[in-house]
Amino acid sequence: MAAEALPARRLAWGGIVGEAAAAAGVALALALPLIGFRTVETNAALGIETRFGWVAATVAAVFVGRLLLALLRSLHLHRKSVTRPTSPQPSPPPGAERERPVEREGEVGGRRFRAFSPTWIGALGIAFAVALPFLPFSSRYLVDLATTVVIYVMLGWGLNVVVGLAGLLDLGYVAFYAVGAYSFALLAQRFGLSFWQGLPMAGLLAAAFGLALGFPVLRLRGDYLAIVTLGFGEIVRLVLLNWVPVTNGPAGIADVPRPSFFGLPFERHAPPGGTTFAEFFHVPFNPGQRIVFLYYVILALALLTNAVTLRLRRLPIGRAWEALREDEIACRALGINPTLVKLSAFSIGAMLGGFAGAFFATRQGFISPESFTFIESATILAIVVLGGMGSQLGVVLAAVVLVCLPEFGRAFAEFRMLLFGAAMVAIMVWRPRGLVARRAPSLRLAGRDGAR
Amino acid sequence: MAYFLQQLINGLTLGSIYGLIAIGYTMVYGIIGMINFAHGEIYMIGAFVALITFLVLGVVGVSYVPLALLVMLLATMLFTAAYGWTVERLAYRPLRHSFRLAPLISAIGMSIFLQNYVQLLQGARVKALPPIVHGGFTLMQSDGFSVEVSWLQIGILALTLALMAGFSLVISATPLGRAQRACEQDMTMAALLGIDVDRTISTAFVIGAALAAVAGLMVTLYYGVIDFFIGFLAGIKAFTAAVLGGIGSLPGAMLGGLLIGLIEAFWSGYFSVEYKDVAVFVILVLVLIFRPTGLLGRPEVEKV
Amino acid sequence: MRPPLLEVEHLSMRFGGLLAVDDLSFAARAGEITAIIGPNGAGKTTVFNCLTGFYRPSIGRLTLHRGGRRHLLERLDGFRIARDAGVARTFQNIRLFAGMSVLENLLVAQHAPLMRASLYSIAGLLGLPGFRRAERAAVAKARDWLARIDLLARADDPAGSLPYGAQRRLEIARALCTGPALLCLDEPAAGLNARESAELNRLLLAIRAELGIGVLLIEHDMSVVMGISDQVVVLDYGRKIASGPPADVRRDPVVIKAYLGEEADEELPPDIARDLAGRG
């Protein structure tokens, strides 16, 4: 760091090449065992193949990359040192370091995104989402894909309350998704509840799970909380897998009821004494009708989630969440009960996850523990992080990218999580508050003067 | 009794492996106060490097087992340590003064990345390895049940003890160890006194990764089956071990590892195999709630 | 004589082998400014941390009289001390919600009444008039304070972007927005220049005069301490070595010795003598 702070007037070629060579050396050590050799199964025994060409390519790429990076950096420094010889910045007072990244992020984000108002983008996006099934290029496949996207948007928004607003790192969010899905499936199976009766129950049960888990662990430091939620997600999966009498174990639960349109089912043939959606509205039966209906159900759920979240953010509880994320100690000194505030965020996030889970169950018609692995939690977290924690719009963008990426081909599907993992690291290093993060205050003084 | 003894031996073996991984968590936590979520993945990489080294030795034609084991040990430690160093350099060092959640999220990202990296390069299938170290002896026999101790188990326990002894010596008696301990106490002050803090932190990652690599090697030899996902569970369990022993305490990590290994062995032996992982998580939660400083940890005073 | 607002009796705080505060007793009154001074490491901030619930004292009783009720602070959780007993504090290294706006900082401080008005968010979600009224009142209160500390123009900026002196003022305003009975200020003048420091003096005197609350002050800047405090408590190695009106304390030979070390006699270096003598 100290060396970088000095303005490089001339390029120090020796140093730069040396650095690049060192990086290439490390790359060689990294690449040799895992890239250079590949284990292969040859008739029941393990064999090995070599791929030294890949190693050479990796090492060369790292060398060139590091060289370019160093060149860019020194050119950048050089230019800065010309335009601004010595920035006469006063040494920051102690405690000011914490504030600086926020300030800088706000500035950068502000400059770039001021041109597009989030409200307008949001309105356009909603209009597009509502019109989607009726657009000329629309198809059954597209609506189905869009449904998946909106499920992840909803999960992302739910987790955003916990991670983005309250600053609690929940690595087991999938547990609440699973609790919602299984609650609905079991309630429907055992007590014959319909989707619309089961949905609120599933949300409430997930929230109750959130409370039960959160109450003991939310006093813990942030990183302990992360690992406990990670463990909790795994416990839920293991219980679903092994508690066969109730959950039917790895075989899962089939025949989860489909939602009806105010009591009108989407079936070809009406149940005895009933009417189907198609008969009632005198339209020909088409299996696509249910797909479109499911899409609208999740879209409505997601939009409701968004409306409630945005509203909560402007209420005292939402401000307390954000304050807690910024500084828990200061919150305590202001008379805010941190455990209670965290618990509210945690259980609201859990409830939203539960709703999404119930929808997932009804859409698939079949659920098994396989759908609720850690990878799922990681995916949802990646959506929230890449979208810029706390940004509702960012979550949508990230969910679209993440869900649609595999559709572009097998290679994208395989590399998706690799890329997302790398992107999570890169974003934390490069712009820790996320891509779209520009926080607007929950309440402005300036606007109010004229309004009231 | 015999059954108990057998579980005890199995538990100690397993516990040694957890303990070696737990040291990596606790060292990093002691110095920079963060949980290195990617550490389980480092262990998984260690297991893969061990497997690949073994296969390469087979191709080259090294058939003398002690020599092969020694080469595997050294190669695994070396190459895995390089991963440990790189993870710190790329994913954590730039974030040292960033906001609270940044290093944690970066670590999760790194963990996802490494899992998929190994999966893509080495395939998603489970890798099975024929046993390399054969044999053992019967310790005792009663009620028609014989207590078997394999040479491999003896080897694992002995190597763990040797590594622990060497490691304690390094921490207590070398300049490197002094620097580690100084950074644990007060990083700013250590830097003012001329300790290269960056290098000290890097060293902690390198040592932690090398020990996790040994654990990976042991698991490859002991169970003979590995895949790209083994780091996840082992990571959580080793972390539980570190917390149980008192995070930040090195003897605590080893003690916690042994306890977790024993708990797992006895739980599977006497209750149910299905819920052995649940048992470990429940212990983690209980320890965090009722005794967050663990068995040997120091209480943390909140700085206001 | 007014009754004491805060009574500290036999307070001791031990960290392992270190006795940071040793059998400290004093009282602070409403409508007075009580300063706690002492060399670095004398245990001043530890006293604050005990008072505000961040540490649980090893021994001692901390009683706060508010509205005819006695609150035993050593038994309360930190957030209850602030919410129920009405003890507000600032921090030596400013702890604002840096990413939130200046106005939001002051609204968070009014969390408890706003939460009640929003019926734990239910009325707030529905946008009921009762909550809107409460919110307007809270904003009005915040606006008054912003006008007082001269930050009205920056109400919607992130608190972290304010200059240092403004951050200190904002932190004090935020503490006052909780409607406290006792305000604890941990080195409010640290890092301020002479003009800002004088402004701070005026602000504290105004708080004392208008709100009639008690102020507890840790400070190194003797011009602040001597200028505005009604009572001074001097700590050294965790023990109280002197207390009384500032005029008496600054002539106390024990205090002078504690500040200058054992060897120093009556001979003070001129700048320190001037500091101790103060300007008020």
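The values are calculated or read from the model by the stated rules, or taken from the named source; none is laboratory data. The structure displayed is predicted, hence computed values, not measured ones. Cβ placement follows ideal geometry from the backbone for every residue including glycine, while neighbour counts extend to all protein chains displayed. Side chains are part of the model used for accessible areas, which takes the heavy atoms of the whole protein and leaves out ligands, DNA and RNA. Shrake-Rupley method; radii C 1.70, N 1.55, O 1.52, S 1.80 Å.
Could you please find all residues in the range B:222-253 being touching a Phe, Trp or Tyr at 6+ places or on another chain (Cβ under 9 Å), at pLDDT 90 or above, of a type outside the set (Val, Ile, Thr) and within 29 Å of residue B:170 (Cβ to Cβ)?
Answer for the range B:222-253, where residues must be touching a Phe, Trp or Tyr at 6+ places or on another chain (Cβ under 9 Å), at pLDDT 90 or above, of a type outside the set (Val, Ile, Thr) and within 29 Å of residue B:170 (Cβ to Cβ): B:231, B:234, B:235, B:237, B:238, B:239, B:241, B:242, B:253.
Between a residue in the range C:136-164 that is facing chain A (nearest Cβ under 8 Å) and any residue that is assigned to a helix (DSSP H, G or I) and open to solvent by 50 Å² or more (accessible area, probe 1.4 Å), which pairs come within a Cβ distance under 6 Å, given they are 6 or more apart or on different chains?
Note: pairs meeting the criteria are C:146/C:152; C:156/A:446; C:160/A:103; C:161/A:103.
Mind counting the residues in the range B:245-292 that are assigned to a loop (DSSP other than H, G, I, E, B), farther than 21 Å from residue A:215 by Cβ and open to solvent by 40 Å² or more (accessible area, probe 1.4 Å)? Lay out the reasoning, then the answer.
Taking the range B:245-292 as the starting set, the residues that turn out to be assigned to a loop (DSSP other than H, G, I, E, B) are B:246-249, B:271-275, B:291-292.
In the following step, the residues that additionally are farther than 21 Å from residue A:215 by Cβ were identified as B:246-249, B:271-275.
Retained after the next criterion (residues that are open to solvent by 40 Å² or more (accessible area, probe 1.4 Å)): B:271, B:273-275.
Adding up the residues that qualify gives 4.
Out of C:52, C:90, C:45, C:63, I need the residue that is within 7 Å of chain A (Cβ to nearest Cβ) and of a type in the set (S, T, N, Q). Which one?
After applying the criteria, what remains is C:52.
Please find, among C:250, C:195, C:239, the residue that is open to solvent by 50 Å² or more (accessible area, probe 1.4 Å) and touching an Asp or Glu at 6+ places or on another chain (Cβ under 7 Å).
C:239
Within the range C:100-156, take every residue that is of a type in the set (Lys, Arg) and over 23 Å from residue C:201 (Cα atoms) and give me the one that is modelled with the lowest pLDDT.
Restricting to residues being of a type in the set (Lys, Arg) and over 23 Å from residue C:201 (Cα atoms), the top hit is C:116.
Can you tell me how many residues in the range B:95-110 are in a helix (DSSP H, G or I), facing chain A (nearest Cβ under 7 Å) and either in contact (Cβ under 8 Å) with a residue 12 or more places away in the chain or open to solvent by 10 Å² or more (accessible area, probe 1.4 Å) (or both)?
As a first pass, look at the range B:95-110 and keep what is in a helix (DSSP H, G or I): B:95, B:102-110.
After this cut, where a residue has to be facing chain A (nearest Cβ under 7 Å) as well, the list is B:95, B:102, B:104-106, B:108-110.
Narrowing the set further to residues that are either in contact (Cβ under 8 Å) with a residue 12 or more places away in the chain or open to solvent by 10 Å² or more (accessible area, probe 1.4 Å) (or both) leaves B:104, B:106, B:108-110.
So the count comes out to 5.
Please report, ordered by residue number, the helices (runs of 4 or more DSSP H) entirely within the range B:169-229 with at least 3 residues that are open to solvent by 30 Å² or more (accessible area, probe 1.4 Å) and of a type in the set (Phe, Trp, Tyr).
none
Just to check your reading of the model, which residue among C:169, C:133 is open to solvent by 30 Å² or more (accessible area, probe 1.4 Å) and under 25 Å from residue C:85 (Cβ atoms)?
Matching residue, one of C:169, C:133: C:169.
Among the listed residues B:19, B:40, identify the single one that is away from every other protein chain (no Cβ under 13 Å), closer than 18 Å to residue B:254 by Cβ and either touching a strand residue (DSSP E or B) at 6+ places or on another chain (Cβ under 9 Å) or surrounded by 22 or more Cβ atoms within 10 Å (Cβ to Cβ) (or both).
Being away from every other protein chain (no Cβ under 13 Å), closer than 18 Å to residue B:254 by Cβ and either touching a strand residue (DSSP E or B) at 6+ places or on another chain (Cβ under 9 Å) or surrounded by 22 or more Cβ atoms within 10 Å (Cβ to Cβ) (or both) holds for just one of B:19, B:40, which is B:19.
For the range C:93-117, name all the residues that are more than 8 Å from every other protein chain (Cβ to nearest Cβ) and out of contact with any helix residue (DSSP H, G or I) (no Cβ under 6 Å at 6 or more places or on another chain).
Of everything in the range C:93-117, those that are more than 8 Å from every other protein chain (Cβ to nearest Cβ) and out of contact with any helix residue (DSSP H, G or I) (no Cβ under 6 Å at 6 or more places or on another chain) turn out to be C:113, C:116.
Among the residues in the range C:217-226, are any part of a loop (DSSP other than H, G, I, E, B) and open to solvent by less than 60 Å² (accessible area, probe 1.4 Å)?
Within the range C:217-226 (the criterion being part of a loop (DSSP other than H, G, I, E, B) and open to solvent by less than 60 Å² (accessible area, probe 1.4 Å)), the answer is yes, since at least one residue qualifies.
On the basis of being surrounded by 23 or more Cβ atoms within 10 Å (Cβ to Cβ), assigned to a helix (DSSP H, G or I) and either within 10 Å of chain A (Cβ to nearest Cβ) or touching a residue at least 40 places away in the same chain (Cβ under 8 Å) (or both), does residue B:30 make the cut? Break it down into steps so the answer makes sense when it comes.
Numbers: surrounded by 23 or more Cβ atoms within 10 Å (Cβ to Cβ): no; assigned to a helix (DSSP H, G or I): yes; either within 10 Å of chain A (Cβ to nearest Cβ) or touching a residue at least 40 places away in the same chain (Cβ under 8 Å) (or both): yes.
Answer is no for this residue.
Consider residue C:174 against the criteria (1) in a loop (DSSP other than H, G, I, E, B); (2) charged (D, E, K, R); (3) within 8 Å of another protein chain (Cβ to nearest Cβ): it satisfies all of them except one. Which criterion is unmet?
With respect to (1) in a loop (DSSP other than H, G, I, E, B); (2) charged (D, E, K, R); (3) within 8 Å of another protein chain (Cβ to nearest Cβ), residue C:174 is out only on (1).
When you look at residue C:214, is it open to solvent by less than 20 Å² (accessible area, probe 1.4 Å) and more than 12 Å from chain A (Cβ to nearest Cβ), yes or no?
So residue C:214 passes the test.
Hey, residue C:88 hits all of (1) more than 17 Å from the chain's Cα centre (by Cα); (2) surrounded by 24 or more Cβ atoms within 10 Å (Cβ to Cβ) but one; which does it fall short on?
(1)
Mind checking which residues of the range C:171-223 are free of Cβ contacts under 8 Å to residues at least 60 places away in the same chain and among the β-branched types (Val, Ile, Thr)?
C:207
Residue A:371 is checked against (1) under 18 Å from residue A:353 (Cα atoms); (2) away from chain B (no Cβ under 13 Å); (3) surrounded by fewer than 24 Cβ atoms within 10 Å (Cβ to Cβ); (4) under 11 Å from the mean Cα position of the chain (by Cα) and fails just one. What number does that condition carry?
Single failed check for residue A:371: (4).
So which of B:117, B:92, B:83, B:64 is closer than 30 Å to residue A:168 by Cα, open to solvent by 20 Å² or more (accessible area, probe 1.4 Å) and either of a type in the set (Phe, Trp, Tyr) or in contact with a Gly (Cβ under 6 Å, 6 or more places away or on another chain) (or both)?
After applying the criteria, what remains is B:117.
I need the full set of residues from the range A:29-76 which are surrounded by 13 or more Cβ atoms within 10 Å (Cβ to Cβ), modelled with pLDDT under 85 and polar (S, T, N, Q), in order please.
Passing the criteria: only A:74.
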